[in-house]
1. For a quick check of your reading of the filter: which GluC sites (Glu not before Pro) in segment 393-482 sit in a DSSP loop and have no more than 12 other Cβ atoms within 10 Å?
2. Suppose only helical runs count, i.e. DSSP H with n ≥ 4. What mean residue ellipticity at 222 nm does that imply for the chain under -39500 (n - 2.57) per run, divided by all residues and rounded to the nearest 500 deg cm²/dmol?
3. Please calculate how many Å² of accessible area segment 372-479 carries per residue, with a 1.4 Å probe and no DNA, RNA or ligand atoms counted.
4. In segment 179-278, what trypsin sites (Lys or Arg not before Pro) fall in a loop by DSSP, with at most 10 other Cβ atoms inside 10 Å?
5. From the Cα gyration tensor of segment 403-460, with a ≥ b ≥ c the square roots of its eigenvalues, which class applies: rounded if a/c is under 1.5, or else prolate if a/b is larger than b/c, or else oblate?
6. Of all the C-alpha pairs in segment 1-153, what % are more than 27 Å from each other?
7. Tell me the carbon and sulfur percent of the accessible area for segment 668-810, rounded to whole percent, probe radius 1.4 Å.
8. How many Å² of accessible area per residue for segment 283-353, probe 1.4 Å?
Amino acid sequence: MTDSQPLPSHAQAVVIGGGLIGCSILYHLAKLGWRDVVLLERTELTSGSTWHAAANIHGLHDSTNISRLQHYTMGLYKELEAETGQGCGIFQPGSLYLAQTVEREQQLRLQAAKARYYGMDFYEIGRDEAERLHPLVDFAGIRCIMYEPQGGNVDPSGVTMAYAAGARARGAQIHRFTPVTATVQQPDGSWIVETPRGAIQADWVVNAAGLWAREVAALAGIDLPLMPTEHQYFVTETIAEIAAMDRRLPSVADRDGEYYLRQEGKGLLVGAYERDMRFWAEDGTPPGFGHELFPDDLDRIEPNMMRAIARVPAVGRAGIKRVINGPMIWSPDAAALFGPVPELRNYFCCNGIIPGFSQSGGLGLLSAEWIVEGEPRLDMFGWDLARFGSWAGKAFTRARVADQYANRFKIHFPGEERAAGRPARTRPAYQAQTDMGAVFGLNYGWEHPLWFAAPGEPREETAGFERQNWWAPVGREARMPRDRAGIIDISNYARYRVTGPGARDWLEALLANRIPAEPGRSCLAPLIGRRGGIAGDFTVTCLGEGDYLMIGSGMAERYHKRFFDAVPLPARTTWSSVTGAMAGFNIAGPLARDILQGLTGADLSPAAFPFFRSARIEVAGVRCIALRVSFSGDLGWELHCAEADQLPLYTALLGAAAAKGAGPVGARALTSLRVEKGYGSWGRDYSPEYWPQECGLDRLIRHDKPFLNHAACAEVMQRPARELLRCIEVQATTADATGNEPIFDAAGRPAGKVSSGAYGYHVGKSLALAYLRPEISPDEPLSVMVLGRPHAARMLAEPAFDPEGKRLRG
């Protein structure tokens with residue numbers, strides 16, 4: 001059976017996959033004005049994982065932008081019903097969120113503060129009100145109850161069909177029983193999409209193939225880090241108390257109990273993410289799979305069931321009406337793989353979505369914006385598929401998915417590092433750092449020292465919203481570069497070599513600042529996004545005529561490739577990543593010059609080697625590119641060397657440093673140091689959502705030359721700043737701001753939000769970088785919602801450390 005309408009010969013976009021997400025993307029593409037769009041589905045719409053989903057909807061998430069995305073989705077379903085006449089089976093009796101632990105209470109209070117900031121409905125209620133809303137729940141032992149009035153569930157098939165109907169009404173075509181057999185890129189960037197019914201030439205291909213995302217990606221030569229698992233929920237027989245009610249019960253999110261529960265018919269639906277999880281179809285999803293389910297295996301989720309029964313005893317008294325055991329497909333961090341594939345032209349992915357019915361509308365809208373307009377309105381780097389590289393292979397993906405599934409409801413605390421699948425990539429100094437007590441984090445696959453435990457101190461860090469066991473050791477490290485010197489591993493930075501006769505011209509066309517022409521000169525240069533915001537910030541140094549080293553964010557290396565490839569290279573000019581071929585260290589602090597001078601014959605005096613200059617020097621016999629710059633805000637040099645020389649260079653630096661009472665410093669201390677200095681970091685304080693004049697980078701924009709997205713930059717810089725990046729001091733004693741905490745003024749109005757936070761060990765203050773309304777003044781009292789509760793704060797007129805830059809330039 002096939003749809004009778006013939007395939008078109010051409011389409012602006014072909015969406016592959018007729019599940020919830022594919023139909024949402026098709027709908028939103030059409031809504032943004034693309035009428036020549038086609039969806040191809042191998043069997044029936046909703047096949048795969050859509051049809052059997054529990055289809056719960058909720059608005060709040062630990063990530064602010066994902067909360068926005070989910071809030072949009074929840075409001076869209078009623079609009080879809082009105083627009084299309086297709087019922088979405090919307091039930092919104094509300095959702096109750098329960099906290100059994102201090103940490104869960106802190107998480108929920110943070111989410112409530114964000115809801116207040118953004119005008120969303122999510123607030124605390126008392127036990128009496130909770131018992132009235134859901135009389136079947138035993139609230140014993142619950143510390144805090146939050147209520148989300150719009151929470152509930154929808155009908156999976158109804159929502160999918162509504163998206164499809166809305167798309168068709170706008171001119172889009174849907175072809176069922178039309179499997180894609182090949183996707184072939186053409187020289188002009190378009191694609192030939194082949195099917196048994198013929199071929200379509202498409203400007204864009206969108207992979208929304210759900211369980212078959214890996215197989216569809218493989219047709220284009222892509223390997224997506226995805227892995228399917230089984231997932232079970234069950235529905236009870238009719239429960240008399242529910243049958244007697246004239247209203248629907250709110251759903252229950254008891255995440256400390258590791259289950260979810262809501263009304264289904266006149267019974268209850270209970271689902272769980274069990275510790276004893278099961279993978280499925282590890283080597284590929286069977287092509288004939290569609291509306292099948294797996295055999296029941298309730299013994300696996302028995303511990304979760306028993307906790308649900310303890311909380312809602314009616315579950316234990318009711319019989320089980322049916323069990324659903326079906327597949328889901330996961331990414332290594334349980335977030336979507338979202339965005340254009342950097343290595344291909346016009347190939348978009350939207351895969352690995354777990355709470356699809358909470359996110360389908362937002363993902364469809366942002367996908368359409370990215371395809372049609374070149375960039376989504378929200379910074380979605382946390383979901384950008386470019387966050388993973390080829391290092392995220394099958395073994396890594398399998399281990400991470402197992403951890404994500406089994407700990408689905410475990411809080412992911414700020415800065416928490418989980419061990420599953422690691423190490424994926426290590427440098428030559430890894431073992432030496434391990435022997436020195438290093439506790440590592442993951443940075444774009446690389447193991448990177450976060451802090452160093454002294455003999456007798458725990459080698460495994462705890463995690464939570466409050467200060468943890470690493471707080472004091474990190475303080476010891478952070479004071480070292482301020483008092484003496486520290487050796488900071490910066491091998492996780494991304495490094496690029498740009499060479500050839502057109503190297504400077506290409507960099508000028510790419511970046512917004514003027515690029516130095518004289519060897520030894522360096523500059524900071526922003527990269528501008530399609531909407532005029534900050535897509536990146538780079539240090540560029542001229543090594544010689546037609547030879548440049550560019551240094552940027554390591555985690556954004558694959559992300560930035562899209563921008564680099566958008567600027568044509570002049571003849572005989574190339575750019576290449578040398579991140580894997582190079583390593584490096586930053587030696588910083590008032591004794592940095594003395595320590596380094598003892599290892600090199602180069603003249604490091606202020607006159608011979610001034611601030612922001614570079615030179616090729618030898619350090620203890622190791623050839624280095626030395627830059628007079630430091631992200632700590634103190635006197636320092638970055639030393640970049642061949643990866644093979646990393647360990648000898650590290651050994652020499654540490655040996656010389658030890659004689660001065662200095663030593664290794666990890667990434668957590670560096671965060672404290674940069675926040676003291678007021679330095680922003682891309683991905684936290686800088687992003688495409690922020691305009692240059694809002695984050696203080698407008699001084700680095702040169703409007704007297706063309707550069708990538710210049711027109712958009714010029715346009716937004718004509719507008720008044722919405723918020724300004726400021727330094728603030730917070731009155732906190734047990735926890736520090738980490739990012740995304742809302743800020744309110746004395747009248748209770750939203751004043752801004754934290755972008756980065758840390759304790760400033762040198763200045764003895766809890767500090768944060770925050771975007772505040774422009775009219776906020778230093779003497780105005782503020783409240784920062786650390787732990788979801790108000791903490792008094794004030795804006796600082798200047799950075800807490802060395803505001804005049806005397807030590808940095810000394």
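The values are calculated or read from the model by the stated rules, or taken from the named source; none is laboratory data. Computed from a predicted structure; not experimentally measured. So basically every Cβ, Gly included, is an ideal-geometry build from the backbone, and we count neighbours across all protein chains shown. Calculation scope for accessible area: heavy atoms of the full protein, side chains included, ligands and nucleic acids excluded. Shrake-Rupley method; radii C 1.70, N 1.55, O 1.52, S 1.80 Å.
1. Numbers: sites: Glu416, Glu417, Glu447, Glu460, Glu461, Glu466, Glu477; in loops: Glu416, Glu417, Glu460, Glu461, Glu466.
In loop regions of segment 393-482 (DSSP not H, G, I, E or B), the sparsely surrounded GluC sites (Glu not before Pro) are Glu460.
2. -7500 deg cm²/dmol
3. Numbers: 4410 Å² over 108 residues.
That works out to 41 Å² for each residue.
4. Working: sites: Arg197, Arg214, Arg247, Arg248, Arg255, Arg262, Lys266, Arg275, Arg278; in loops: Arg197, Arg247, Arg248, Lys266, Arg275, Arg278.
For trypsin sites (Lys or Arg not before Pro) across segment 179-278 that sit outside H, G, I, E and B with at most 10 neighbouring Cβ atoms in 10 Å, the list reads Arg247.
5. Details: a/c = 2.56, a/b = 1.50, b/c = 1.71.
Because a/c hits 1.5 or more and a/b fails to exceed b/c, segment 403-460 counts as oblate.
6. On the way: 4655 of 11628 pairs.
So the portion of pairs separated by more than 27 Å is 40 percent.
7. Values: 2800 of 5720 Å².
Carbon with sulfur: 49 percent of the solvent-accessible area.
8. Working: 2850 Å² over 71 residues.
Heavy-atom SASA per residue in segment 283-353 reads 40 Å².
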